[in-house]
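The values are calculated or read from the model by the stated rules, or taken from the named source; none is laboratory data. Bear in mind that the values here come from a model prediction, so they are computed numbers and not experimental data. Quick reminder, even Gly has a Cβ in these numbers, built from the backbone with ideal geometry, and neighbours come from all protein chains shown.
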Amino acid sequence: MGLAAGLPGALGPPYILLWLRHPDSKLSGPPETAAMMAKKSSEFPAEVQLFADGGCSGNPGPGGWAFILRHPTSGKELERSGGEREATNNRMELTAVIRGLETLTRPARVELLTDSTYVGKGVSEWLPKWKAQGWRRKEGNRLAPIKNEDLWRRLDELLQTHQVRFTHVRGHSGHVENERCDTLAVAAYQKYL
């Protein structure tokens, strides 16, 4: 059975980057430190690559999201996009990642490629702190609710199923898949203008 419609479940080529595993992961094996996982990342190649992007016309304003799922071994790809009448850039960036991960039909090792430092830092640095603080973040000397809590909670659920490795790509720099996702996301929000 494939990882997603049209994406077989074979392994792809290795990439040397940090794997992120949610502490409550249902995946077998002992929890590992970031250093251990970084050292061993070439032993655990991505099964699929998830390219994701989101954006808005105005912030807030009409928003769009898009993703491309690619199975590196077979080269098969799946593209999806959607939009909302009123959104923010960060909500659309998160939605693109969530929709991509929701498309996978079984636990997988995923390389997430996005230009969103908000998503990348959220997944790799902020999420564990937010959870430990009751889904709150430090704001001065007090704790304040995190923004987009509903989406972060959903992403947290998905990270319990999948191993996700974050790779930052520069936006609008000619990265083919990132540019394609941007084009799809813009087209998705155009219908709300």
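Scanning region 57-82 for residues that are of a type outside the set (A, V, I, L, M), crowded, with 23+ Cβ neighbours inside 10 Å and closer than 18 Å to Glu179 by Cα gives Gly63, Gly64, Trp65, Phe67. Given the criteria closer than 23 Å to His172 by Cβ and without any contact (Cβ under 8 Å) to a residue 12 or more places away in the chain, does Lys129 qualify? No: the conditions fail for Lys129. The number of residues in region 109-129 being under 16 Å from Asp182 (Cα atoms) and of a type in the set (Gly, Ala, Ser) comes to 1.
Applying the selection to region 132-158, what residues are farther than 14 Å from Tyr118 by Cβ, without any contact (Cβ under 8 Å) to a residue 24 or more places away in the chain and of a type in the set (A, V, I, L, M, F, W, C)? Within region 132-158, Ala132, Trp135, Leu143, Ala144 meet the criteria.
Can you confirm whether Val110 is out of contact with any Lys or Arg (no Cβ under 6 Å at 6 or more places or on another chain), at pLDDT 95 or above and more than 27 Å from Gly61 (Cα to Cα)? Considered against the rule, which asks whether it is out of contact with any Lys or Arg (no Cβ under 6 Å at 6 or more places or on another chain), at pLDDT 95 or above and more than 27 Å from Gly61 (Cα to Cα), Val110 comes out as yes. Looking only at residues in region 173-193 that are assigned to a helix (DSSP H, G or I) and of a type in the set (Ser, Thr, Tyr), the one that is nearest to Thr114 (Cα to Cα) is Thr183. Scanning region 93-102 for residues that are surrounded by fewer than 23 Cβ atoms within 10 Å (Cβ to Cβ) and either among the aliphatic types (A, V, I, L, M) or in contact with a Leu (Cβ under 6 Å, 6 or more places away or on another chain) (or both) turns up just one, Ile98.
Of the set (1) under 21 Å from Val169 (Cα atoms); (2) within 14 Å of the chain's Cα centre (by Cα), all apply to His71 but (2). Glu125 meets all of the listed conditions (1) more than 29 Å from Tyr192 (Cβ to Cβ); (2) at pLDDT 95 or above but one, namely (2).
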